[in-house]
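Take a look at the structure set out below.
Derivation of every value follows stated rules applied to the coordinates shown; laboratory data play no part. All of these numbers come straight from a predicted model, not from anything done at the bench. Here the Cβ positions follow ideal geometry from the backbone for every residue, glycine too, while neighbour counts run over all protein chains shown.
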Amino acid sequence: MRLENKSAIVTGGGSGFGEGIARRFAEEGANVLVADIDASAAARVAGDIGGQWIKTDVSDGPQVEAMMSKAKQLFGGLNILVNNAGIAQPRQPMLEVDEETFDRVYAVNVKSIYWAAIHGVALLKEQPGGVIINTASTAAVSPRPGLTWYNGSKGAVVTLTKSMAAELAPDGIRVNAINPVIGETALTEQFMGGDTPALREKFIATIPLGRMSTPLDVANAALYLASDEAEFITGVCLEVDGGRCI
């Protein structure tokens, strides 16, 4: 049991990559708090894995503070924080994206990491060997047209991860990111600008290993980064992409 006696928060844990991570962590012995803006989804996953859940909009500071407080109340502390919650933008020319969409993408994908740090780092410092894992994207390093502002938000996640790793290392907190390629999640249709066999074929053609990512692919990477096996790894943005970024 690679995460036995450890506690974890997984944001966006009610579906997609977050659900995969929550399930995998629980399988390896972690106490998991599933946080999601969709309360029913969070409750479903938590029920399946024997975990706990909380409804959280990660772009809202007081809600993130409440999430951290619940982890403290439930588990007595926190070992692993997975900042996974994120949203996409509609696939369209960058000049056609309205300000409201832009602001929401950056609030959920970037400001959420700020709030998580503000309210979570002190909690992680209470335990030895704290871990933060941020979900970025291959969009940060190999951007596709039509997703410019989303690409930029994930680029910010990569830079924040590296800077946080350097700053928090003296406190014994490791910070890494995962860069998944497009996968089978609720956001797939938005990323592709539709969902047809022809569109899927077009996207898969850019992935050398010949398929999209899955929640289990991402969860296995997150499990390694969260485990003691990765105790000397920090500031890494691990591409889980079937070779997309080669």
For the chain, the charge dipole (Cβ of Lys, Arg +1; Cβ of Asp, Glu -1; about the Cα centre) points to a positive end, and the Cα of 246, 30, 108 closest to that extreme belongs to 246
Chymotrypsin sites (Phe, Trp or Tyr not before Pro) in the range 198-246 lying in a DSSP loop, each with at most 14 other Cβ atoms within 10 Å of its Cβ, come to 232
Scoring only Lys, Arg, Asp and Glu (+1, +1, -1, -1) among other residues with Cβ under 10 Å from the Cβ of residue 131 yields 0
Among the DSSP H helices of the chain, those whose Cα atoms extend at least 20 Å along the helix axis and whose mean Kyte-Doolittle hydropathy is -0.5 or higher are 61-75, 148-168
Cα convex hull volume per residue for the chain, in Å³, equals 116
For the chain the mean separation of alpha carbon contacts under 8 Å (6+ apart) over residue count, i.e. relative contact order in percent, is 21
The size of the Cβ-based charge dipole (Lys, Arg +1; Asp, Glu -1) of the chain about the Cα centre, to the nearest 20 debye, is 220
